[in-house]
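Below is one structure, written out as structure tokens; comments come after it.
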Amino acid sequence: MPDKLKIGKLVVIGVGLIGASFALALKRARAVGRVVGVGRTRGNLAAALRMKAIDEATRDAAHAVRGADLVLLATPVGQMPAVMAAIAPHLSGRAIVTDAGSTKGDVIACARRFLGANFPRFVPAHPVAGTENSGAAAALAELYRGKNIVLTPQRETAAGAVALVQRAWEACGARVVRLDAAEHDTIFAAVSHLPHVVAFALVSALARRRNAGKLFGHSGGGLRDTVRIAGSSPAMWADICLANRDALLAALEDYENELETMRAAIESGDGDALRAIFGRARAARRKWLVKKQD
């Protein structure tokens, strides 16, 4: 059996839901010695300290990464270029860096540009987990249990770095899978980024109506289930949408075409067409999603 994973010093840059949950899970697994949390707001860092997700808090990422064994970049993807540029000169020769961004092509390009000689020890990753809540106070040690973690290592990525990051996520209870970075971004534009855009758009459209209060006052489970993810961080999702612009625009076009087909059927009173569309969607949901939810 392999030796038990033990990370001496973990640095989490961006101690929100994702970063704090990673730290809590590794602490529960007794796989980490000391956790340093880096953040921009004192309140969020204080929350992470109170719940013991981190042992030390700082707003200085460059200072924090000195002597680190593993660094998790859990900031919004739009902040990663600045963070990578700041930490690169201070990483030790053994430090492994990974990220938790929902897009991979842009993050990998930033890592190539800013991490320099440290790039072979950078392991691009995406934890496919989360809730509509954000911040350290929302963190859960069990957040990743049974969830997929996608790794998109590059040809230069050191095998030892990939192995350590994989073991860290497995210690959190996650399943680790690998994808090509471009394929990852195409897939998640359709199954994650598009649903968030749709949820935000629907809430925004209803909120603009003069009788918005009455509309929301009479809403039931259908609306709440559809727009739950509109409670997610606006800053984070704006970054994601722009970072994955091309793939998201293609997914939006497909969705708009489907809506136009439904609109035409409604306008023409074509119940058969609507029943066919709804039936195909219902069957697909049962085939691909119901068992996954269970």
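The values are calculated or read from the model by the stated rules, or taken from the named source; none is laboratory data. As the structure is a computational prediction, the values presented were derived from the model and not from experiment. Note that each Cβ is placed from the backbone with ideal geometry, even for glycine, and that neighbours are counted across all protein chains shown.
Of all residues in segment 250-280, how many are under 26 Å from Thr186 (Cα atoms) and among the polar types (S, T, N, Q)?
2
Among the residues of segment 233-271, what is the count of those that are among the β-branched types (Val, Ile, Thr), modelled with pLDDT of 95 or more and under 30 Å from Ala138 (Cα atoms)?
Number satisfying all stated conditions: 0.
Name the pairs: first residue in segment 125-139 and assigned by TED's automatic domain parsing to the domain that holds Thr157 and farther than 20 Å from Thr41 by Cα, second residue of a type in the set (Lys, Arg) and crowded, with 23+ Cβ neighbours inside 10 Å, Cβ to Cβ under 9 Å, at least 6 apart or on different chains?
Cβ pairs passing all conditions: Ala125/Lys104; His126/Lys104.
Quick one: count up the residues across segment 151-182 that are in contact with a helix residue (DSSP H, G or I) (Cβ under 6 Å, 6 or more places away or on another chain), within 23 Å of Ala247 (Cα to Cα) and β-branched (Val, Ile, Thr).
Here the count works out to 1.
Among the numbered conditions (1) surrounded by 20 or more Cβ atoms within 10 Å (Cβ to Cβ); (2) in a loop (DSSP other than H, G, I, E, B); (3) among the aliphatic types (A, V, I, L, M), tell me where Leu140 comes up short.
The failed condition is (1).
Scanning for something touching a residue at least 60 places away in the same chain (Cβ under 8 Å) and of a type in the set (Val, Ile, Thr), does segment 220-234 turn up at least one residue?
yes
Just checking, which of Gly37, Gly33, Gly43 is in a strand (DSSP E or B), in the same structural domain as Thr131 (by TED's automatic domain parsing) and over 21 Å from the mean Cα position of the chain (by Cα)?
Gly33
Could you list all residues from segment 48-89 that are of a type in the set (Ser, Thr, Tyr) and either in contact (Cβ under 8 Å) with a residue 60 or more places away in the chain or not assigned by TED's automatic domain parsing to the domain that holds Phe119 (or both)?
The answer is Thr75, and nothing else.
Identify, from the list Thr131, Thr98, the residue that is within 19 Å of the chain's Cα centre (by Cα) and modelled with pLDDT under 95.
Thr131
Go through segment 75-132 and report how many residues are among the basic types (Lys, Arg), surrounded by fewer than 23 Cβ atoms within 10 Å (Cβ to Cβ) and outside any helix (DSSP H, G or I).
1
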